[in-house]
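Accompanying notes for the structure given below.
Only the coordinates and a few stated rules stand behind these numbers; no lab work does. As the structure is a computational prediction, the values presented were derived from the model and not from experiment. Positions of Cβ are generated from backbone atoms using ideal geometry, with glycine treated the same way; all protein chains shown enter the neighbour counts.
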Amino acid sequence: MDVTAALKSCLGPGGVLTDAADLAGHIEDWRGRYTGPALCVALPRTTAEVAQVVRLCRDAGVPVLPQGGNTSLCGGAVPDAEGPAPVIVALSRMRTVRSVDAVNNTMVVDGGCVLARVQEAARDAGRLYPVSLGAEGSCQIAGTIATNAGGTGVLRYGNTRENVLGLEVVLPDGAIWDGLTALRKNNTGYDIKHLFIGSEGTLGIITGATLKLHALPTAYAVAWIGLDSPEAALALLGRFQAACGARISGFELINRLQLDLVLANVPDRRNPLSGPHAWHLLVELSDSGTDAALATALEQVLESALADGLVGDATIAASETQRAALWEIRHSVSEANKKAGVGLTTDCAVPISAVPGFIATATAAVQALVPDLPVIVVTHLGDGNVHFIPFFSFEQWAQVADPEAMARRIRHTVNDISHALGGTFSAEHGIGRTLVGEMAHYKSPVELALMRSIKQAFDPDNRFNPGRLLPEPKA
């Protein structure tokens, strides 16, 4: 079967991309580190068309690679350089907000909806969809679900998993599972949707989702704080939790190197503080009511911390424009790092109390491998997720004899430290292809066997996103 011709007949004009220029944005990852060939890119417009595409690929024996906004940081959304070329199934023509129920606090959306559009539709209804991350202007909702994306709101609202009530999925045999429930209680056996959340396209293609909405905050208070250490930031977190409780909606820590890279590489970003500080913390409170009440709570905690020497300096956003400018700094870190050099991004999470120790131990271990190597630290401190990023300039990286071996060795060293502290090597980015080896190392044989059993049940021919997430069993 000529699967490309069959897909063109099925999807009509504009439904299949084959030209090299059209494929370029689909076959290389966002950071330019992975690329591979694809037979074509299929662009279905409906769930029924996705099912047709899958059945055609099944009949032709062709692998299927589901792709969202292609913002993966672990090589999970583009083809391999070797092996059979897949059909990439992209949902960029499926961007309908199907319904919003403000009373039930739910919305149903197509899988191809861009995250920022989902957030906007919720706001238009006076509600909040709380998953927020730097790629929200381009990542698609199905991709965030397939990777169980985290972001900056996890402290208050949880990961994507906590904000999904139902799914619609096309299975590897072309069947459609309609699980678009809008219920918060539905105790009827296995909760199938959770198998697809975090499955990275290995079990099916998510074509629709019922999302959980929250009350839209009417008041915000945001501060940018300079301090000396992660220990000081952790102590400050305790003070904010005691004084503000669930009103904390953001608690983001970066080191000075990360701020310097943002200021040097992203236009219109400015240091919110006048002097240098080793660490920088972005704190956001949100609630109903007025900004003044939240600002008072924020100021009281900061005044006490300043008096006790816990904080070196701080500034509080005086307007929505200033609040947005502070968040733009935080959301610019990936863009800045891509422009500045090669960061070996890790995605560890440890118990919150262990974060300072993890950073110190990992820094020492990496610099024992590569003396004086700079390290970027970007931390969702409120949930213990640390992006610890050993950082090479482009010139340094070009001189590394075996870059892949160096990257594996450094990542494994960092992940070993996280594991020793009771942590994980993958908190929110997923496994993709980058961390398949780590999956084999840290997951128990029992757990891997269970996961392979699930994969076999859904996709016995291993056609959906092969080579991702699950390591091959040992011979």
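Based on alpha-carbon centroids, what's the gap between the stretch 411-463 and the stretch 330-409 in Å, whole number please?
With the stretch 411-463 and the stretch 330-409 each reduced to a Cα centre, they are spaced 20 Å.
Check GLY179: other-chain or 5+ apart residues with amide H under 5 Å from its amide H, H built from backbone geometry?
LEU167, GLU168, VAL169
Please compute the contact order of the stretch 56-134 in relative form: average sequence separation of alpha-carbon pairs under 8 Å and at least six residues apart, divided by the residue count, as a percent. Show your work: numbers first, answer last.
On the way: 96 pairs, mean separation 16.9, N = 79.
That works out to 21 percent.
If I fit a long axis through the Cα atoms of helix 256-265 and take the longest principal axis of the Cα atoms of the chain, what angle between them do I get, 0 to 90°, rounded to 10?
60
Using only Cα atoms, figure out Rg for the stretch 194-252 and give it as a multiple of 2.2 N^0.38 Å.
On the way: Rg = 18.2 Å, N = 59, 2.2 N^0.38 = 10.4 Å.
The reported ratio for this selection is 1.76.
Which of the trypsin sites (Lys or Arg not before Pro) found in the stretch 266-341 are in a DSSP loop and have at most 15 neighbouring Cβ atoms, other than their own, within 10 Å?
ARG270
Give me the Debye-computed log₁₀ of I(q)/I(0) at q = 0.15, 0.18 Å⁻¹ for the stretch 97-215, equal point scatterers on Cα only, no solvent, two decimals.
The Debye formula, applied to the Cα set alone, gives -0.59, -0.87.
Run through the stretch 128-197 and list the trypsin sites (Lys or Arg not before Pro) located in a DSSP loop whose Cβ has at most 11 other Cβ atoms within 10 Å.
ARG184, LYS185
Can you list, bin by bin at 20 Å, the percent of alpha carbon pairs in the chain, starting at 0?
Values per bin, smallest distances first: 23, 56, 21, 1.
In terms of modelled amide H atoms, which long-range or inter-chain residues lie less than 5 Å from the amide H of LYS212?
Those lying under 5 Å, H to H, from LYS212 are VAL164, LEU165.
How much mean residue ellipticity at 222 nm does the chain get from its helices, if each DSSP H run of length 4 or more adds -39500 (n - 2.57) and you divide by all residues, to the nearest 500 deg cm²/dmol?
-11000 deg cm²/dmol
Which number do you get for Rg(Cα) / (2.2 N^0.38 Å) in the stretch 219-334?
1.00
Over the chain, what relative contact order in percent results from Cα pairs under 8 Å that are six or more residues apart?
In percent, rounded to a whole number, it is 15.
Just to be sure I follow: if Rg is taken over the C-alpha atoms of the stretch 3-90 and Rh is the Kirkwood radius over the same atoms, what is Rg/Rh?
Ratio of gyration radius to Kirkwood radius for the stretch 3-90: 0.95.
If I take every Cα pair under 8 Å that is 6 or more residues apart in the stretch 219-334, average their sequence separation and divide by the length, what percent do I get for the relative contact order?
With pairs under 8 Å counted, the relative contact order is 45 percent.
With 26 Å as the cut-off, how large is the P(r) tail for the stretch 312-452, expressed as percent of Cα-Cα pairs?
Working: 3102 of 9870 pairs.
Of all Cα-Cα distances in the stretch 312-452, 31 percent exceed 26 Å.
In a solvent-free Debye calculation with one equal scatterer on each Cα, what is log10 I(q)/I(0) for the stretch 344-420 at q = 0.15, 0.25, 0.27 Å⁻¹, listed in the order of the q values?
-0.48, -1.18, -1.34
Quick one: check the C-alpha center-to-center distance for the stretch 227-264 versus the stretch 285-299, whole angstrom.
18
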